[in-house]
Each structure stands twice: as C-alpha cells, then as structure tokens.
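The values are calculated or read from the model by the stated rules, or taken from the named source; none is laboratory data. It should be emphasised that the depicted structure is a prediction, and the values quoted were computed from it without experimental measurement. FYI the Cβ positions are ideal-geometry reconstructions off the backbone, even for glycines, and counts take in every protein chain you see.
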Amino acid sequence: MLLSPSHLDFRQEVCSFCSSTIEPRARSADAAGEFVKDNVRAMAERGLLGIPWPKELGGLGLDYLSYAIAVEEVSRVCASTGITLAAHTSLGTYPIYKFGTQTQKEKYVTALARGKYLGAFGLTEPNAGSDAAGIETTAKKTDAGYVINGSKRFITSAAFAGTVVVAASLDRSLGRKGITCFIVETDRAGFKVASEENKLGLRASNTVELAFEEMLVPGDSVLGREFDGYRIFMETLDGGRISIGAFCLGMAQ
Ligand SMILES: Cc1cc2nc3c(=O)[nH]c(=O)nc-3n(C[C@H](O)[C@H](O)[C@H](O)COP(=O)(O)OP(=O)(O)OC[C@H]3O[C@@H](n4cnc5c(N)ncnc54)[C@H](O)[C@@H]3O)c2cc1C
C-alpha cells in the first residue's frame, strides 16, 4: 500500500519520537518488568492516545491508517508500549466512541483521548477465553444501579486505567444474549486489581487479574443497550485485530 505524503510525514514524526523517547528505556524496562508511566505521559502530550478520534472529543482527528502507523512505529522500538497504545485505543476507547451516548463520549472519550488516564477492556475470565460468550461475571440490576460480581483475567493496563469496559451477564440462563457491557470507573468501591502477570514477553506492559466484589455502578454506566454486550465486544475485537496486525508488524521489524 502506498502511503500519502501526510501519512509519510506522520510516520516520520512518530518514528523520531519513538527513537528519542521510547526506545532508550525499552530494554531495561522489559528486563525489569517495569510499566513506564513516562511513556504514557509522553504519548499523551503528543496526542498519540487519541489519534483516530475527532478533535471535538480531544483526539487528533486523523484516520485509522495513521493510528496503525503509530502502533507499528511504537511497537518497532518497544512492544510493551505498543500493546499499551493499541489496547488503550482499540479496546479501552473505541467501544465508548462507537456505542456510547453523547454524554458518555464527552465524559470518557475526551479524557481517554487526551491521556488523562488509560482505558482498559475486561472480557477474558479464568473460565472464558476464546469462548468469550461463557463469561461468569454477573451484573444485577437494583434501584441504585447495577451490582457487579466476578473476575477478569489478562486485562491490559487495568492497574493504570481510569475506566474499564466490562462485559457481565444480566441473566446467565440466556448465554451470550444475557451479556451487557458497562463503563466501570476504577476508583469505585468493589473494584480490585487482584494480581499482576509476570510474563515471558511484553514484560513492560501491565496485564492483571481483576476482582469485582459487590461493585455498585450507576444506571448510566451501561454501554449501548442492556443485553447487547456480546455484539459490542465482538465488534470491538474486530477493530482490535487491525492494531494487533500493526503491532506484530512493528515487532517483526
Ligand atoms: C498479553 C495479553 C494481553 C491481553 N489483554 C486482554 C485485555 O486487555 N482484555 C481481555 O479481555 N483479554 C485480554 N487478553 C486475553 C486474550 O484475549 C485471551 O488470552 C484469549 O481470548 C484466549 O483465551 P485463553 O488465554 O483463555 O486461551 P484458551 O481459550 O483457553 O485457548 C488455549 C488454546 O486453545 C485453543 N482453542 C481454544 N478453543 C479452541 C477450539 N474450540 N478449537 C481448537 N482450539 C481451540 C486456542 O487457539 C489456544 O491455542 C490478553 C491476553 C494476553 C496474552
């Protein structure tokens, strides 16, 4: 594919930023298993945490190809920072941008795009990986909102995230049709980072297990509609595959 002059300029810009700022600490951070917050801050300062979102929502207003170029360039020098950028954008922010109400977008996408905090996506569980429809985390509707109970595993950046898009079942007897997605703010009571993975690779990225213990979230935390969560996370994963392709291309280099 031939890149336009503006895409080539953008690649050059991200490439020099990566060489000067991300690359110098990549090897030592990987060896130490250290999540480099400075990298996140530096990407936020350059707008890289909101590349494809409109300027009105705090983004750079560029296209998805520009975002893929950035993921490739970052992953070329540091795969851990690459997956942090990709998970934040494609998994933590995209579903809110695509399925959120205008109020949710203004509140969360703006903060995520500007890098006020990272976003995460909580789908995988100890007993539900490839078979994501088998999630066991539940949400119970109450007068005060929804009460979430359960656990999530292998969640990227969640220990440093301000929001996690969480898939939970409102009615387990309905299988995949019982699933709803929620935007969960991580500073609420009942949200806990239970443990962190000590991985073989991507060691400077953060991958954690989450526990939800009687976590009450407000009624307006539902993303999209109740019982539409399966469609929302499947579509989110489809978009995520583009950035995973760019991430792998960068790592291969
Ligand atoms: C670094 C990293 C970051 C991650 N970040 C996130 C995140 O941010 N959010 C999130 O929700 N999840 C995340 N995940 C989880 C990831 O999505 C799951 O690992 C993935 O869905 C696979 O699930 P599993 O690990 O339970 O493997 P399993 O589903 O148990 O699969 C194990 C093996 O069995 C094979 N297999 C499974 N089912 C079948 C079948 N029916 N037929 C034949 N073979 C089969 C698989 O291909 C695989 O090789 C992350 C994982 C990693 C490694």
Determine whether Leu249 is touching a helix residue (DSSP H, G or I) at 6+ places or on another chain (Cβ under 7 Å), more than 15 Å from the ligand (Cβ to nearest atom), under 24 Å from Asn39 (Cα atoms) and in contact (Cβ under 8 Å) with a residue 40 or more places away in the chain. yes
Quickly run through segment 129-158 and pick out the residues that are within 13 Å of the ligand (Cβ to nearest atom), out of contact with any Asp or Glu (no Cβ under 7 Å at 6 or more places or on another chain) and among the small types (Gly, Ala, Ser). Gly129, Ser130, Ala132, Ala133, Gly134, Ser157, Ala158
List the helices (runs of 4 or more DSSP H) that sit entirely inside segment 3-91 and contain at least 3 residues that are aliphatic (A, V, I, L, M). 23-32, 37-45, 64-77, 79-86
Every listed condition ((1) under 25 Å from Leu216 (Cβ atoms); (2) among the aliphatic types (A, V, I, L, M); (3) near the ligand (Cβ under 10 Å from one of its atoms)) holds for Ala87 save (1)
Looking at the structure I just gave you, is Gly229 within 17 Å of the chain's Cα centre (by Cα), at pLDDT below 95 and surrounded by 16 or more Cβ atoms within 10 Å (Cβ to Cβ)? no
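Residue by residue, here is whether (1) under 17 Å from Met43 (Cα atoms); (2) polar (S, T, N, Q); (3) away from the ligand (no atom under 16 Å from the Cβ) holds:
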position	(1), (2), (3)
Glu72	yes, no, yes
Arg76	yes, no, yes
Ile96	no, no, no
Gln102	no, yes, yes
Lys107	no, no, yes
Thr124	no, yes, no
Do we find a residue being surrounded by fewer than 17 Cβ atoms within 10 Å (Cβ to Cβ) and either in contact (Cβ under 8 Å) with a residue 60 or more places away in the chain or aromatic (Phe, Trp, Tyr) (or both) anywhere in segment 69-86? no
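Keeping to segment 204-226, report how many residues are surrounded by fewer than 15 Cβ atoms within 10 Å (Cβ to Cβ) and either within 15 Å of the ligand (Cβ to nearest atom) or modelled with pLDDT under 95 (or both). It would help to see each step written out before you state the result.
The first filter runs over segment 204-226 and keeps only residues surrounded by fewer than 15 Cβ atoms within 10 Å (Cβ to Cβ), leaving 213-214, 218-220, 225.
Imposing the further condition that a residue be either within 15 Å of the ligand (Cβ to nearest atom) or modelled with pLDDT under 95 (or both) reduces the set to none.
Total meeting the criteria: 0.
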Consider Val164 against the criteria (1) assigned to a loop (DSSP other than H, G, I, E, B); (2) within 15 Å of the ligand (Cβ to nearest atom): it satisfies all of them except one. Which criterion is unmet? (1)
Gly201 vs. criteria within 13 Å of the ligand (Cβ to nearest atom), among the small types (Gly, Ala, Ser) and loosely packed, with under 15 Cβ neighbours inside 10 Å: yes
Could you tell me whether segment 110-128 includes any residue that is surrounded by fewer than 24 Cβ atoms within 10 Å (Cβ to Cβ), free of Cβ contacts under 8 Å to residues at least 12 places away in the same chain and more than 25 Å from Gly219 (Cα to Cα)? yes
Filter segment 132-147 down to the residues that are crowded, with 24+ Cβ neighbours inside 10 Å and closer than 22 Å to Gln104 by Cα and list them by number. Ala139
Output the residues belonging to segment 124-161 that are assigned to a strand (DSSP E or B) and polar (S, T, N, Q). Thr138, Thr142, Asn149, Ser151, Thr156
